[in-house]
Amino acid sequence: MKRLESNLQYVDCKRLYMENDAKSYHTQDIVSLCEKCGLKWVYDFHHDRCHPSSNGTDEVRKLIMAYPPDKYYLSTGTHNINSRPHADYISA
């Protein structure tokens with residue numbers, strides 16, 4: 001995360017969106033970085049299910065309320081709701 005932050009000076013941050021992912025960056029990591037650097041971010045519900053934040057759902061909800069994402073992304077997994085690959089459609 002520190003390396004990413006130090007390299008932000010080389011990109012046009014007005015066009016950059018950060019997103020929590022299914023392996024490396026929790027929602028709380030992305031929100032902290034975006035809030036600190038004034039970046040836009042996307043909350044991916046599926047990624048949060050696959051790679052949940054250590055502080056739990058209530059903490060994620062508080063983060064979203066305090067620093068709302070610019071976009072939300074909702075999907076499910078291909079084999080089951082929590083599998084990492086995105087499905088073509090949302091399972092009900």
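All of the numbers you see were taken from the coordinates with simple rules; none came from a lab. Please read all numbers here as calculations on a predicted model, not as lab measurements. Please note: Cβ atoms are built from the backbone with ideal geometry, for glycine as well, and neighbour counts cover all protein chains shown.
Here's how it looks for Tyr17: its modeled amide H is under 5 Å from none belonging to a residue 5 or more places away or on a different chain.
The ranking of Arg3, Arg61 from fewest to most other beta carbons within 10 Å of each one's beta carbon is Arg3, Arg61. With 19 Å as the limit on Cα-Cα distance, the pairs of Lys23/Lys62; Lys40/Lys71; Lys36/Lys62; Lys14/Lys40 that go past it are Lys23/Lys62. Counting only the Cα atoms, the chain fills a convex hull of 109 Å³ per residue. One decimal place: the segment Lys2-Lys62 gains 19.2 nm when fully extended, by the rule 0.36 nm per residue minus the C-alpha distance.
Working from Cα positions, state the angle (0 to 90°, nearest 10) between the long axis of helix 57-66 and the longest principal axis of the chain. That helix lies at roughly 40 degrees to the long axis. Sorted ascending by nearby beta carbons within 10 Å, beginning with the fewest, Ser6, Ser32 become Ser6, Ser32.
For Gly77, the residues whose modelled amide H falls within less than 5 Å of its own, excluding neighbours fewer than 5 places apart on the same chain, are Asn82, Ser83, Ala87. Rounded to the nearest Hz, the phi-derived 3J(HN,Hα) couplings of the range 11-21 under the Karplus curve 6.51 cos²θ - 1.76 cosθ + 1.60 (θ = phi - 60°) are 10, 7, 5, 5, 9, 9, 10, 9, 9, 5, 10, where x marks glycine and proline. In order along the range 32-48, the Karplus-derived 3J(HN,Hα) couplings, from 6.51 cos²θ - 1.76 cosθ + 1.60 at θ = phi - 60°, round to 4, 5, 5, 5, 5, 9, x, 8, 7, 8, 10, 9, 9, 4, 4, 5, 5 Hz, and Gly and Pro are given as x.
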